[in-house]
Structure formats: C-alpha cells, structure tokens
1. For a quick check: sort T69, T108 by the number of other beta carbons within 10 angstrom, fewest at the front.
2. Straight distance only, please: which aspartates and glutamates reach the Cα of K72 with their own Cα at less than 18 Å, same-chain residues fewer than 8 apart left out?
3. Is there a quick way to get the dipole size of region 26-115? I mean about its Cα centre, with the Cβ of Lys and Arg at +1 and of Asp and Glu at -1; what is the value in debye to the nearest 20?
4. Gain in length, A44 to N109, computed as 0.36 nm per residue apart minus the alpha-carbon separation, to one decimal in nm?
Amino acid sequence: MMKILSKPLAMLALMLVSSLALAHTGLKESTPADGTTVKMAPAAIDLVFNGDVRLIKFELSSGDQEMETGFKPVAETMANYSIATPALSEGSYTVNWAVIGADGHTVTNSFSFSVDAAAVAATQ
Ligand SMILES: [Cu+2]
C-alpha cells in the first residue's frame, strides 16, 4: 500500500514545493543592477521587490569592509526602497539583503556591482 502511494505523494509534494517557491518574495531589480559596472558612484541603491516586503537587513560591503548606509529597518512594508549610500570609491561592492515577504517568509539574497570611473562601456 505504501509503495503504491509513494509515487503520487512524492509528485504532490514536489508540486507543493514548487508552488511555494513561486510565491516567494524576490528582488525584481536593483540600481545598480547585479553584475554591472557604473562609472559614477551611486548616491543611493534602489531595490524593487515583486511585492510589498519589510526590508530587515541591508548591508553594503567592499571586501571585508562594511559601509555605513542610510538603512534603518522600519515596520511598514513597501515594494520600493532607496537606501542612501556614503561616498563610494572605486571598487567592487556587495549588497546583502533580507526581507520578510507577505507570506511571512524571510528571504535573503545578495548582489554585486562595481564602481569604475574608467569603465569604457558603462552599463548604466
Ligand atoms: Cu515564501
């Protein structure tokens, strides 16, 4: 009996997992975008999520150095965030963020960009 049930059950579990994954909150776009090189250091980093979220973590770092930003966790939920950045020198930067989505799940991810005034083909 268990053997007969196991296959459909496994498929059902798979479908359930994938539909949950689809419902998860994600970052739709960022400025600067992931993997891009910008000529001028941005005064702010903009985040656009695929729904209203509560941004609970925003860490900007270069190498092992963490930068001070204008990020302050707030209770309200929004889809768009603009976080003021300090004067960034040339280099590579990584943003680590975490949000609590509408479904109550915490989602964390990161993206990176570079500041290079000499970049020939700036992507922004
Ligand atoms: Cu979720």
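1. Final ranking by Cβ density, sparse to dense: T108, T69.
2. In chain and number order, the partners are D46, D52, E59.
3. Values: 5 positive and 11 negative charges, 21 e Å.
Rounded to the nearest 20 debye, it is 100 debye.
4. Numbers: separation 65, 0.36 × 65 = 23.40 nm, distance 1.86 nm.
My answer for the length gained is 21.5 nm.
Bear in mind these aren't lab numbers, they're just calculated from the coordinates by the rules spelled out. Just so it is clear, the structure is predicted and the values come from calculations on it, not from any experiment. Neighbour counts are summed over all protein chains in view; Cβ atoms, including those assigned to glycine, are modelled from backbone coordinates with ideal geometry.
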